[in-house]
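The values are calculated or read from the model by the stated rules, or taken from the named source; none is laboratory data. Remember, it's a predicted structure, so these values are computed and weren't measured experimentally. Ideal geometry is used to build each Cβ from the backbone, glycine not excepted, and the neighbour counts take in all protein chains shown.
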Amino acid sequence: MVFYQTGFGLLFGMLILFCGEISNAHPAHAKPVKYPYVVGFERFHSSLDDDDYLAQGGLILLNELNCVACHEPPRALRETLAGVPGTRLDGVGDRLGSLDLELMIRSPRFVKQDTIMPSLFAGPDRDLAEVKALRHFLSTLSEKIPRYPEGDIEAGRHLYHRIGCAACHAPEVGYRPAGIPENAEIEMAGLPSVPMNLADLYDLNALTHFLLHPNEHRPSGRMPDFRLSEREAIDLAAYLKAGPDLELPANVSEALGAAETTEIDPELVTKGKSLFVQKNCHACHTLPDHGLDQATPMARPLRELNTTEDQGCLAQRPPGGAVPFYGLDPVQKRSIRAALERLSSFEGWDAQKQIDWRMKRLNCYACHERGGVGGAETAREVYFGFGTQEAIALGRAGHLPPQLDGVGAKLKPDWLEDALLEPGEVAVRPYLASRMPTFLAKESAPLLRLLQRHDELPDWDLVEKEAKTRGPTGEMLFSARGKNCQACHAAGSEEATDYPGMDLANSTERLTADYFDRFLRQRYASHPPRVDGVDRSEAAFSKKETAALWKWLKSVGD
């Protein structure tokens, strides 16, 4: 590997020069930031914030950068600061080429400028022989990646801008979703987008395989599972790989080819396996099947860290030794310092603040609003498609994910759990083209428990009691003779998809009686729907009417 030791700096410079000439219209080539990108921090925190608020973002960074893998958090914050699992490295030898793998080990930020993976070999004492040994070891971690058929780029482009990808990632510059009037102007997204640099490094088969099994590769939930069919994953991968390729001069391409090697040295594999533990790689990346599930040696606890100087992991330049280099920007450093100085203040967080923190962590706010926070950026709303033509009559509610205010009191426990852990099994809004992704239970269960505990209200059997008194029947209220619910909703009809609204047949199984009553008598009355431009405010409900409708829907569901 003489080339790496003599010409690596020159190669870096040349690659950076030519990378800068790539068109960034394609979302896979959206311009990345030059510091660790943590989405929950980027959207909600900036240099204009005061230190008390910025400290909340610092707590996100301490968790998402996995600082707690080495620095023990206070006992009271161990559940909150549980850290995140790193990318699974099983099969990395088949997902990344030999050269890309070596570059990722030596300088992760060169391969992916916004990566949260720190560098252990950026300091002046770097040992390229160790880099080589680690690369040989990781190259042996293989998995069988199927060969998939050719994808449809246009179908992938349509899917990308329809099911919710553009809520987190950049929309393609100049793309106009179907159905948008020709004279309508599409705004440029203003909020930061999650970069997709690694899409360029994977080949089509590896990228397709990743899209089908994202939670297996990245258990942190940073890329959750959208339950793509194989055909959808193939088309989406084809689109993501359809951007302009990196073109290098012949002499650079020749040098890269000479540096790439697939020959594995058994002695280097053994050395690299040992270095994987010595360098503390196993603090983030677990490989239990390889005998590397050893305890992580801990550095000083969070409470004891120095917050006054740029040193250690906060250093401006790679410090060398066993200290990782993150390349944090000034705002991130300020946030982390503010968080470390206020650790005790987080121990008294109420449930609402904990919910807010976890929703930022999982980036729920990219699609959902809760308490006036988050929701799809206005410029990105156009990329949330209507699943049916009838849903257009519902306006924004017909294509945007629902608000989550009071969701723990709205949904019965089993339904709320399924909505977070098995959303594909409980979809009640077939008119939405966007999809609720699936996270691993370990990552979403804490949020689930908080929602149930915080939003839980005392049992309210008002509708059950009122239903026993004389009054209008629920079936009549549902019909055109009553409140005309049937104008938007089906109730167990085989033609349910012909209606703009959701099928209400399972409402009594899914919703709490309290929410149903309050929604129809309070929220519905104050925010009456407009269907086909007609104001339905005259459809406000009384106690007896909500009770009658609940009783009838319960019989329909049974």
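At a glance:
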item: Qualifying residue in segment 372-386 (condition: assigned to a strand (DSSP E or B), in contact with a Gly (Cβ under 7 Å, 6 or more places away or on another chain) and at pLDDT below 95); result: yes
item: Residues that are more than 17 Å from Val68 (Cβ to Cβ) and surrounded by fewer than 20 Cβ atoms within 10 Å (Cβ to Cβ), drawn from segment 335-355; result: Ser345, Gly348, Asp350, Ala351, Gln352, Lys353
item: For Asp414: the one exception among (1) in contact (Cβ under 8 Å) with a residue 24 or more places away in the chain; (2) acidic (Asp, Glu); (3) within 21 Å of Arg518 (Cα to Cα); result: (1)
item: Failed item, numbered, when Val463 is tested on (1) at pLDDT 75 or above; (2) in a helix (DSSP H, G or I); (3) surrounded by 20 or more Cβ atoms within 10 Å (Cβ to Cβ); (4) among the hydrophobic types (A, V, I, L, M, F, W, C); result: (1)
item: Selection within segment 148-191 - among the aliphatic types (A, V, I, L, M) and outside any helix (DSSP H, G or I); result: Ile163, Ala170, Val173, Ala178, Ile180, Ala184, Ile186, Met188, Ala189, Leu191
item: Filter pass, Asp90 being acidic (Asp, Glu), part of a helix (DSSP H, G or I) and in contact with an Asp or Glu (Cβ under 9 Å, 6 or more places away or on another chain); result: no
item: Residue count, segment 31-54 (criterion: part of a helix (DSSP H, G or I), under 19 Å from Gly374 (Cα atoms) and touching a residue at least 60 places away in the same chain (Cβ under 8 Å)); result: 7
item: Criterion violated by Ala28 - all others in (1) crowded, with 19+ Cβ neighbours inside 10 Å; (2) assigned to a loop (DSSP other than H, G, I, E, B); (3) of a type in the set (A, V, I, L, M); (4) at pLDDT below 75 satisfied; result: (2)
item: Some residue of segment 90-98 being at pLDDT 85 or above, basic (Lys, Arg), farther than 24 Å from Pro297 by Cβ and buried (at least 17 other Cβ atoms within 10 Å of the Cβ); result: yes
item: Segment 99-129: number of residues that are surrounded by fewer than 19 Cβ atoms within 10 Å (Cβ to Cβ) and at pLDDT 90 or above; result: 1
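Table: residues versus (1) outside any helix (DSSP H, G or I); (2) at pLDDT below 90.
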| position | (1), (2) |
| --- | --- |
| Gln354 | no, no |
| Met359 | no, no |
| Pro401 | yes, no |
| Gly408 | no, no |
| Leu420 | no, yes |
| Gly424 | no, yes |
| Arg429 | yes, yes |
| Ser434 | yes, no |
